[in-house]
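A short write-up of the structure that comes next.
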Amino acid sequence: MRTLYDIQEEYEFLEGDERYRLLIELGRELDPMPDALKTDATLVRGCSASVWVYPTGDDEKLHFLADSNAAITKGIVALVIAAVQDQPAETIARMDIAEALAPFDLKNQLSSNRTQGVPNMIALVREHAARIAASA
């Protein structure tokens, strides 16, 4: 998976539909999430599309699997995951993920329908990380 910095560099040079295409491409690059992990427990609440996030790994290197049934939403999930992927759980739990995503200006680039669940995605990722960090 690309780093958030690499994605941001590319994103800044694109406009309109090209940005949508990049988000769709990012969603396709996510590690596959087995259907068995797409449960009520991994479902992100408040998203207009179905979004699932599942942590794997341990407190030293937390790796997330994620998926969505909508292509652009899946790309947004990929951005959130790119901000935290393979970092220590404690780092993720304390990270200001919304600030890391600020350069993408998602609220002005996408419809409110597509971005309404972003805070919930971020909260779920941070909650998973905090739980794993606390149990270490």
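The values are calculated or read from the model by the stated rules, or taken from the named source; none is laboratory data. The shown structure was predicted, so the numbers you read here are calculated from the model rather than taken from an experiment. Cβ: placed from backbone, ideal geometry, glycine included. Neighbour counts: every protein chain shown. These area figures cover heavy atoms from the full protein model, side chains too; ligands, DNA and RNA do not enter into them. Shrake-Rupley method; radii C 1.70, N 1.55, O 1.52, S 1.80 Å.
Evaluate the following for residue 76: is it in contact with a Phe, Trp or Tyr (Cβ under 6 Å, 6 or more places away or on another chain) and either modelled with pLDDT of 95 or more or more than 22 Å from residue 136 (Cβ to Cβ) (or both)?
Working: in contact with a Phe, Trp or Tyr (Cβ under 6 Å, 6 or more places away or on another chain): no; either modelled with pLDDT of 95 or more or more than 22 Å from residue 136 (Cβ to Cβ) (or both): yes.
Spelling it out, it is not the case that residue 76 is in contact with a Phe, Trp or Tyr (Cβ under 6 Å, 6 or more places away or on another chain) and either modelled with pLDDT of 95 or more or more than 22 Å from residue 136 (Cβ to Cβ) (or both).
Which pairs have Cβ atoms under 8 Å, sit 6 or more apart or on different chains, and link a residue in segment 48-71 that is within 12 Å of residue 125 (Cβ to Cβ) to one that is open to solvent by 60 Å² or more (accessible area, probe 1.4 Å) and assigned to a strand (DSSP E or B)?
That search, which allows pairs on different chains as well, returns 63/57; 64/54; 65/54; 66/54.
Filter segment 1-16 down to the residues that are in a loop (DSSP other than H, G, I, E, B) and over 18 Å from residue 72 (Cβ atoms) and list them by number. Break it down stepwise before answering.
The first filter runs over segment 1-16 and keeps only residues in a loop (DSSP other than H, G, I, E, B), leaving 1-3, 13-15.
Answer for segment 1-16, where residues must be in a loop (DSSP other than H, G, I, E, B) and over 18 Å from residue 72 (Cβ atoms): 3, 13.
Mind listing whichever residues of segment 1-18 are more than 16 Å from residue 65 (Cα to Cα) and open to solvent by 40 Å² or more (accessible area, probe 1.4 Å)? Working first, answer last.
Going residue by residue through segment 1-18, those that are more than 16 Å from residue 65 (Cα to Cα) are 4-18.
Those that are more than 16 Å from residue 65 (Cα to Cα) and open to solvent by 40 Å² or more (accessible area, probe 1.4 Å): 5, 6, 8, 9, 10, 12, 13, 15, 16, 17, 18.
Scanning for something among the polar types (S, T, N, Q), assigned to a helix (DSSP H, G or I), surrounded by 18 or more Cβ atoms within 10 Å (Cβ to Cβ) and in contact with a helix residue (DSSP H, G or I) (Cβ under 8 Å, 6 or more places away or on another chain), does segment 99-110 turn up at least one residue? Don't jump to the end; show me each part of the working.
Residues of segment 99-110 that are among the polar types (S, T, N, Q), as a first pass: 108-109.
Cutting the leftovers down to assigned to a helix (DSSP H, G or I) gives us 108-109.
Checking which are surrounded by 18 or more Cβ atoms within 10 Å (Cβ to Cβ) leaves us with none.
No, because not a single residue in segment 99-110 is among the polar types (S, T, N, Q), assigned to a helix (DSSP H, G or I), surrounded by 18 or more Cβ atoms within 10 Å (Cβ to Cβ) and in contact with a helix residue (DSSP H, G or I) (Cβ under 8 Å, 6 or more places away or on another chain).
Of everything in segment 25-37, what is within 19 Å of residue 4 (Cα to Cα) and either acidic (Asp, Glu) or crowded, with 17+ Cβ neighbours inside 10 Å (or both)? Give them in sequence order.
Residues satisfying the conditions are 25, 26, 27, 29, 30, 31.
For segment 38-73, what are the residues that are outside any strand (DSSP E or B) and buried (at least 21 other Cβ atoms within 10 Å of the Cβ)? First the steps, then the outcome.
Taking segment 38-73 as the starting set, the residues that turn out to be outside any strand (DSSP E or B) are 38-42, 44-50, 58-61, 69-73.
Those that are outside any strand (DSSP E or B) and buried (at least 21 other Cβ atoms within 10 Å of the Cβ): 44, 47, 73.
Taking the stated definitions as given, is residue 119 surrounded by fewer than 19 Cβ atoms within 10 Å (Cβ to Cβ), out of contact with any Asp or Glu (no Cβ under 8 Å at 6 or more places or on another chain) and at pLDDT below 95? Break it down stepwise before answering.
Values: surrounded by fewer than 19 Cβ atoms within 10 Å (Cβ to Cβ): yes; out of contact with any Asp or Glu (no Cβ under 8 Å at 6 or more places or on another chain): yes; at pLDDT below 95: yes.
The answer is yes for residue 119.
Can you run down the residue pairs with Cβ atoms below 6 Å, 6 or more apart or on separate chains, where the first is in segment 27-38 and farther than 13 Å from residue 79 by Cα and the partner is basic (Lys, Arg) and at pLDDT 95 or above?
none
Does any residue of segment 48-69 turn out to be within 20 Å of residue 107 (Cβ to Cβ), touching a Gly at 6+ places or on another chain (Cβ under 6 Å) and among the small types (Gly, Ala, Ser)?
no
Kindly indicate whether residue 92 is closer than 21 Å to residue 11 by Cα and buried (at least 19 other Cβ atoms within 10 Å of the Cβ). Write out each step before concluding.
Numbers: closer than 21 Å to residue 11 by Cα: no; buried (at least 19 other Cβ atoms within 10 Å of the Cβ): yes.
Here the answer is no, as residue 92 does not meet what is asked.
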